[in-house]
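Undergrad: Dumping the structure here so I can ask a few things about it.
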Amino acid sequence: MDFTDRLHRELQTALKAGRKVEASTLRLLLTAVKNREVERRGQLGEPEILQVIVKECNQRREAIQQFRQGKREDLASREEAELQILEEFLPQAISPEELSTKVREAITATGARSVKDMGKVMSHLMAQLAGRADGKVVSQLVRQELSGAG
């Protein structure tokens with residue numbers, strides 16, 4: 001709840017300051033959060049809101065890539081501006097060393113023995129690392145660790 005209040009306060013500030021891109025980005029984010037709440041039939045906690053923000057960031061990155069391929073730099077730069085705004089709400093990224101440590105801890109905690117147990121490890125990890133690490137990078141590290149272990 002506190003995180004949603006922060007988003008609403010930031011939206012009001014952007015509106016008062018006349019920052020249109022920031023205001024529209026925050027409106028879209030709040031709509032995405034509300035849609036997820038409707039899906040889940042309840043309010044979201046901070047980890048779930050962070051997952052929504054990560055999803056929105058990933059959508060912006062894909063759009064930037066597609067716009068650049070289509071030689072639409074104007075649209076790509078708008079998406080980059082939105083991405084910057086969204087990334088401000090994500091926690092600081094985890095260092096590679098800390099990520100490796102977390103992966104090993106999760107493997108031990110879940111009792112994973114082989115790549116078949118990857119789902120258990122990933123669900124355990126991603127709950128802890130919401131918004132702090134890219135899922136693809138985490139997945140690669142888990143796969144490497146489990147391949148070496150099994």
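The values are calculated or read from the model by the stated rules, or taken from the named source; none is laboratory data. In this text, all values refer to a predicted model and were calculated from it rather than measured experimentally. Using ideal geometry, Cβ is built from the backbone for each residue, glycine included, and neighbour counts are taken over all protein chains shown. With ligands, DNA and RNA removed, areas are computed over all heavy atoms of the protein, side chains included. Shrake-Rupley method; radii C 1.70, N 1.55, O 1.52, S 1.80 Å.
Undergrad: Stokes-Einstein at 4 °C, 1.567 mPa s, Kirkwood radius from Cα pairs: D for the range 60-147 in µm² s⁻¹?
TA: So the translational diffusion coefficient is about 88 µm²/s.
Undergrad: List the lysines whose alpha-carbon lies under 24 Å from that of Lys120, not counting same-chain residues fewer than 8 positions away?
TA: Qualifying lysines at Cα under 24 Å: Lys55, Lys102, Lys136.
Undergrad: Give me the net charge of Gln84's neighbourhood, meaning all other residues with Cβ under 13 Å from the Cβ of Gln84; Lys, Arg count +1, Asp, Glu -1. Could you put the intermediate results ahead of the total?
TA: Details: positive: Arg19, Arg60, Arg61, Arg78; negative: Glu22, Glu56, Glu79, Glu80, Glu82, Glu87, Glu88.
Once all neighbours under 13 Å are counted, the net charge is -3.
Undergrad: If you don't mind, another one. Which of Val138, Val52, Val115 moves the most in a Gaussian network model of the chain with Cα springs under 10 Å?
TA: Most flexible of the set in this elastic network: Val115.
Undergrad: Report the calculated FRET efficiency for Arg72 and Ser24 (r = Cβ-Cβ distance, R0 = 30 Å), to the nearest 0.05.
TA: 0.95
Undergrad: Tally up the carbon and sulfur contribution to the accessible surface of the chain as a whole percent, 1.4 Å probe, everything protein left in place.
TA: 49 percent
Undergrad: Roughly how big is the chain's charge dipole about its Cα centre, with Cβ charges of +1 (Lys, Arg) and -1 (Asp, Glu), in debye to the nearest 20?
TA: 380 debye
Undergrad: Moving to a separate point now. For a quick check, take a GNM of the chain with Cα springs below 10 Å and name the residue from Leu75, Leu129, Leu26 with the largest mean-square fluctuation.
TA: Leu75
Undergrad: Name all residues of the range 49-67 having a backbone nitrogen under 15 Å from the label point set 7 Å from the Cα of Ala32 along its Cα→Cβ direction, giving them as ranges.
TA: So the set is 49-65.
Undergrad: On to the next question. For the chain, set up a Gaussian network in which alpha carbons nearer than 10 Å are linked by springs, and say which option among Ala14, Ala23, Ala133 fluctuates the most.
TA: Judging by the Gaussian network model, the answer is Ala14.
Undergrad: Something else about it: For a bin width of 5 Å, list the pair-distance distribution of the chain built from all Cα-Cα distances, rounded to whole %.
TA: Reading the bins upward from 0: 2, 9, 16, 16, 16, 14, 13, 8, 4, 2, 1, 0.
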